[in-house]
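Read-outs: derived from the displayed coordinates by stated rules, not from any lab. In this text the structure is predicted, and so the values were computed from the model without any measurement. Neighbour counts are summed over all protein chains in view; Cβ atoms, including those assigned to glycine, are modelled from backbone coordinates with ideal geometry.
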Amino acid sequence: MNNLPVKIGVITDVHGNLPALTAVLDKFDSLGISQIVHTGDVVDIGPNSRECLQLLVSRGAKLVLGNHDFAFFHDYAFQHPASKVTATHKRYVFDSMQDLLPLQSLFTPQINLEVYGVKLVFTHYALLDTPKDSGYMWQDINHNPTPHSLDQMFAYLSCDAVFFGHKHEQCDVEGASTTYVNVGSLGCHKGDFAKAVVITVQPSGEWCYQRLSVPYNRNQLKTQMLQGDLPDAEPIFQHYFDYHN
């Protein structure tokens, strides 16, 4: 690391939003980001799951497995009761990406990085002690995260900070000895900006993170989604990009 500050760009829940992803990667380049981490759910919802996955791989991003990625790699094309993403939509997306199935080897449920003594963990969400019979490995979403509840959820970890996604809303919580950061979905919200986080670690071991809001062409996303062949595009767009924060 040559005793220089290390900058890590973190994004989560891209969900096929290529215009937002491209905008954030350009911003990362301008900031001199040395490593990119995506904390899960590259696919589904937006119109460009394939292109987003290929772009992240081409950039050498570290890839955390999300529940939608898991569904793709295991061909679980059904609608979850709590989701607006239909089985028809998933079937279409998954069928269009069959040649990318070998990329499963690049995904992992958790990434641990130690930079100048600072221990950072990247995960899609808190993991179950034992995966379900289907292989599903994530705890239920905590809709009211508090220091105590997050300390309990992530009690199996020993680190300075955990960066995650899954629940698309941002949160910043200081636990007893760990900082918890939900990065917030890159582009699954009604804003015309993409969300990301940049972690900076100094050679001294001091570290911080800052949130980014990067403008992108949301109309391009809308046009690609509603004028293409993506099944159930309009209700999915309305829920995840118009009305869902």
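Calculate the FRET efficiency for SER105 and ARG59 from the Cβ-Cβ distance with a Förster distance of 22 Å, rounded to the nearest 0.05. All intermediate terms of the calculation are to be shown ahead of the outcome.
Values: r = 17 Å, r/R0 = 0.78.
After rounding to 0.05, the efficiency reads 0.80.
Could you work out how far helix 18-31 tilts from the main Cα principal axis of the chain, as a 0 to 90 degree angle to the nearest 10?
20 degrees
Comparing HIS89, HIS168, HIS143, which has the greatest mean-square fluctuation in the GNM of the chain with Cα pairs linked when under 10 Å apart?
Most flexible of the set in this elastic network: HIS143.
If you fit an axis through the alpha-carbon atoms of helix 49-58 and take the longest principal axis of the Cα set of the chain, what angle between them do you get, 0 to 90°, nearest 10?
Roughly 40 degrees between the two axes.
Label-point separation (nm) for LEU226 and ASN2, each offset 7 Å from Cα along Cα-to-Cβ?
4.8 nm
Considering only PRO145, PRO109, PRO47, give the residue with the highest GNM mean-square fluctuation for the chain, with springs between Cα atoms whenever their separation is below 10 Å.
Highest fluctuation among the options: PRO145.
Using a Gaussian network model of the chain whose springs link C-alpha atoms within less than 10 Å, name the residue from GLN227, GLN202, GLN170 with the highest mean-square fluctuation.
For the chain, modelled as a Gaussian network with Cα springs under 10 Å, the answer is GLN227.
Give me VAL181, VAL214 sorted ascending by neighbouring Cβ count inside 10 Å, so fewest comes first. Please list the in-between numbers first.
Details: VAL181 23, VAL214 18.
Fewest-to-most ranking of VAL181, VAL214: VAL214, VAL181.
Identify the residues of segment 136-177 with backbone N under 14 Å of a label point that sits 7 angstrom from the Cα of PHE78 along the Cα-to-Cβ direction, or state none.
From segment 136-177, the list is 136.
Identify all aspartates and glutamates with a Cα-Cα distance to LYS132 below 20 Å; exclude those on the same chain that are fewer than 8 residues away in sequence.
ASP41, ASP69, ASP75, ASP140
Please report the antiparallel percentage of DSSP beta bridges with both residues in the chain, rounded to the nearest 5.
Counting only bridges with both partners in the chain, antiparallel ones make up about 60 percent.
Taking the number of other C-beta atoms within 10 Å as the exposure measure, put PHE73, PHE193, PHE163 in order starting with the fewest.
In increasing order of surrounding Cβ atoms, one gets PHE193, PHE73, PHE163.
Identify the residues of segment 87-113 with backbone N under 18 Å of a label point that sits 7 angstrom from the Cα of SER177 along the Cα-to-Cβ direction, or state none.
So the set is 113.
Given the Cα-Cα distance of SER96 and SER158 and 0.36 nm per residue of separation, how much length would full extension add, in nm?
Between SER96 and SER158, full extension yields an extra 18.4 nm.
On a full-extension model of 0.36 nm per residue, what is the gain between ASP151 and TYR116, subtracting their alpha-carbon distance, rounded to one decimal in nm?
10.2 nm
Using the count of nearby Cβ atoms within 10 Å as a rough guide to exposure, how do TYR216, TYR125 rank from fewest to most?
Details: TYR216 23, TYR125 26.
Ordered from fewest to most neighbouring Cβ atoms within 10 Å, TYR216, TYR125 come out as TYR216, TYR125.
Straight-line reach from LYS222: which aspartates and glutamates have Cα under 17 Å away, leaving out those fewer than 8 places along the same chain?
Once the sequence-local aspartates and glutamates are set aside, what remains near LYS222 is ASP44, GLU51, ASP192, ASP232, GLU234, ASP242.
Which of the lysines could a cross-linker bridge to LYS119, judged by Cα under 19 Å and excluding same-chain residues fewer than eight apart?
By straight Cα distance, LYS119 reaches LYS7, LYS62.
Dipole of segment 103-245, Cα-centred, from +1 at each Lys and Arg C-beta and -1 at each Asp and Glu C-beta, to the nearest 20 debye?
280 debye
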